[in-house]
Amino acid sequence: MEVFLVSLLNGLVYGMLLFMLASGLTLILSMMGVLNFAHASAYMLGAYFAYTISQQIGFWPALVLAPLLCGAIGAAIEMYGLRRVHRNGHIAELLFTFGLALIIEKVVQMTWGLIPVPYRIPAGLDFPLFTVYGTHFPAYRAFMLLISALMFGAIWLGLTRTRIGLVIQAALHHPEMVGALGHNVPRVFTTVFAAGTALAGLAGVIGGNYQVTEPAMAFTMGPIVFVVVVFGGLGSLTGCFIASLLMGLIQTFAVVLDYSLADLLRWFGLTVTSATPFHEVLTVPLPRIGALLPYVLLVLILVFKPRGLMGTRDT
Amino acid sequence: MATRILTRIAGVVLSACMAWAGPVMAQGTIKIAYTDPLSGPFAQVGDANLKQMQYILDYINSKGGALGKKFELVPFDNKSQPSDALIALKSATDQNMPFIMQCSGSNIAAALIEAVDKHNSRNPESRIIYVNCGAVATELTNEKCSFWHFRFDAHSAMKAEVMARALPKEVTKVYLLNQDYLFGQSVQRDVKASLGKLRPDVQVVGDELIPLGKIKDFAPYITKIKASGAQALLTGNWGPDMNLLIKAGIDAGVDLRYYTMYAHLAGGAVAIGPGGDGKVRSVQSFNENIAPEIGNKEAEAWTKEFRDKYPFDFYAAGFRTIFEYLQEATKQAGSVDPVKIAFALEGLKHKDFLGYETVMRKDDHQLISEYFVGTFKKGVKYDSEKTGLGWGTETTVLAKDLEQPTTCKMKRPAAQ
């Protein structure tokens, strides 16, 4: 019970962090069809900006300023880069963002150095909120949960209850029609790209000090975010939300559940010994392959439900 | 392409020079190829190593280098990939460099040992010595030992023994967590063996392997470790795998001692932070507080000079021993001939800059030197990475107490 409860909390926090990253990407991907490889780079930039700003004027202004900065960069990338590349098709866009991700990583390395920067949790939030069976639950994690929940609420309301949200949703499916109705579709695209990048920046601000702010953070976060987006399904925020939580919980619980395929077979009355064929594979405990499970799920969902969990369009 | 042409031209010029000057290297410097990750997730370690090596080499060169020549470090990025390390080896041998140095990754080291062996037997005119500055899987100087491979860091069984010796009496339940590759598995096995030998009272309550560099959130592992009732966590993790692990443990406020092998490397202190005061220990060949602790003013001044120049700790001052060995062996060999240098290195004894006796053991080419365990705490003379906390020495194990038997059957080439 103890392990279950603590793991549930851990999984929730990690899942929500994934969601903050993935929500921006899912918006961009479903709207513009751009698989933005530089998305996790915005996450990293958010963390580094927040570190620099928080050293000057504190964490709370950084919480607002760093995402705005990331958003501005995102807008610039869309207006001056992607829009031109867009004419040459999706492959060109993909390669463009891929190159961008590498450039951003190098720029970050040159600006802030290769070793982690001491970006710390603000003193006001650096205390254990409550204790579950002797394990502290830091207040900062609760704060992360709060921010990401607020974000989910805000995006959902924004997309479904506001005029601009309706325009965005319409532009998602029928951009020509929306343009014919007199809306400035390119500007809608820029707005979405900037907003998506800003969300990634926000995730970086609160994820950078929860984890470690270092140049490799984009590289390590990138793949799992793609998994979440594809698994959740294109054009579905709810799908993205569910997929994020699922991935967070799967990875967390995979660590604490010390079982292998051999244990599963024992249920059916089969005993695995060293003489059994493939016993090496059958006896690998779950924690050892836990980090692999999201990718297994990715492959499975692409085979059996290519649109993803709640997707409305083909990948 | 341009570099390739340049390399070719350099090769032609070089062979022309060699035809004229005989088999001795005709260049002005003794080149040491250095290959480690200089980009990618583990770049921080390679980059910090490079800066420290450069500082040490400048010092060695100011003391005259060897045979009237200066040593020159030539870095090659291997992106943590064995295949890229082999490309670096190829470039090094193409340019007739006498040494190749590599520190991170025992899987890369194993590939290098094999490739160097093959190359040297097939190309007696451009042999190369592999200087291992930190790939510590035990088998590299045992089953896989090679005449051309010299290891200057204690291997994981030696580190594990140091760790077991440093474990206080009241700790009887430990948890092992390691990276799932050659090195991590080696640590896992060696720590268990050392505990069995030195501390039979200690019970291993958990034993885990994690995928290398893949885990972003270590909180679930901490939950599991806590549930196991362990008093100490013993880990060989390095890079982000170590930083994130300890950070997660400290955030969760779990009452645990952390025994690591690499927490003192670049980035470790920042990642642990002030919350780790007195909780984290690291098995290390050096820390900046050793010199003041043993009252060695000269060593202290020398390390302090590096500290004033760079924003990170001088943890690899032990590399000075490596370059002093290379300097000494080259002098003894009387030429930059890798075969002669390799024979000169065998059994070479040297007093390191802290004043301890060390020896390059002839049987397996493993350096036997002193080793330390430092505690990350407040109130030390030199703090780490401006955190206000630094490494204070808790345990010192002398070289003579650290000699472990080897199974190496060394095959030597005919002496020239």
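A short reminder: the numbers here are calculations on the coordinates, not readings from a lab. Remember, predicted model here, so these are calculated numbers, not experimental data. With ideal geometry, Cβ positions are generated from the backbone for all residues, glycine too; neighbour counts draw on all protein chains shown.
Assorted remarks:
- Per-residue Karplus couplings for segment B:396-410, computed as 6.51 cos²θ - 1.76 cosθ + 1.60 with θ equal to phi - 60°, are listed in order as 10, 10, 6, 3, 5, 8, 10, 6, 10, x, 10, 9, 5, 10, 6 Hz, Gly and Pro entered as x.
- Amide N proximity, segment A:139-154 versus A:Asp126 label position 7 Å along Cα-to-Cβ, cut-off under 17 Å: A:139-144
- Positive minus negative residues near B:Asp383 (Lys, Arg vs Asp, Glu; Cβ under 11 Å): +2
- In nm, spacing of pseudo-spin labels at A:Thr160 and A:Met110 (7 Å Cα→C-beta vector): 4.6 nm
- Protection proxy ranking, peptides B:354-364, B:269-279, average beta carbon neighbours within 10 Å, highest first: B:269-279, B:354-364
- The order of B:Arg127, A:Arg120, going from fewest to most other C-beta atoms within 10 Å of their C-beta, is A:Arg120, B:Arg127.
- Sorting the segments B:388-399, A:11-22 by their mean number of nearby beta carbons within 10 angstrom, highest to lowest, gives A:11-22, B:388-399.
- Amide H contacts of B:Ile129 (H built 1.01 Å from N, under 5 Å, at least 5 apart or other chain): B:Phe99, B:Ile100
- Under a model in which nothing but the beta-carbon of Lys, Arg (+1) and Asp, Glu (-1) is charged, segment A:113-214 shows a dipole of about 220 debye around its Cα centre.
- Order of A:Met144, A:Met310 under a 10 Å beta carbon neighbour criterion, fewest first: A:Met310, A:Met144
- In segment B:113-181, GluC sites (Glu not before Pro) in a DSSP loop with at most 16 other beta-carbon atoms within 10 Å: B:Glu143, B:Glu170
- Cβ-Cβ FRET estimate between A:Glu2 and A:Ala139, R0 fixed at 22 Å, reported to 0.05: 0.60
- Global geometry of chain B, whether rounded, prolate or oblate, following the gyration tensor of its Cα atoms and the 1.5 cut on a/c: prolate
- Taking the Cα centre of segment A:2-258 as origin and assigning +1 to Lys and Arg Cβ atoms and -1 to Asp and Glu Cβ atoms, the resulting dipole is close to 600 debye.
- Per residue of peptide B:84-97, the mean number of Cβ atoms on other chains within 10 Å of the residue Cβ is 0.
- For B:His149, A:His174, the sequence from fewest to most other C-beta atoms within 10 Å is A:His174, B:His149.
- Anisotropy class of the protein assembly as shown from Cα gyration tensor, a/c 1.5 cut: prolate
- Nearest-0.05 FRET efficiency for B:Lys90 and A:Leu94, computed from C-beta distance (R0 35 Å): 0.60
- Near the amide H of B:Leu348, within less than 5 Å, lie the amide hydrogens of B:Met360, all on another chain or at least 5 residues away, with H placed in the peptide plane.
- Exceeding the 22 Å Cα-Cα cut-off - candidates B:Lys297/B:Lys400; B:Lys173/B:Lys279; B:Lys63/B:Lys304; B:Lys279/B:Lys378; B:Lys63/B:Lys331: B:Lys297/B:Lys400
- With θ taken as phi - 60° and the Karplus curve 6.51 cos²θ - 1.76 cosθ + 1.60 applied, the whole-hertz 3J(HN,Hα) list for segment B:215-228 is 7, 9, 10, 8, 3, x, 5, 4, 4, 5, 5, 4, 4, 6 Hz, x standing for glycine and proline.
- With a Förster radius of 51 Å applied to the beta-carbon distance between B:Thr396 and A:Trp267, the computed FRET efficiency rounds to 0.45.
- Size of charge dipole - the protein assembly as shown - debye, nearest 20, with Cβ of Lys, Arg +1 and Asp, Glu -1, no other charges: 780 debye
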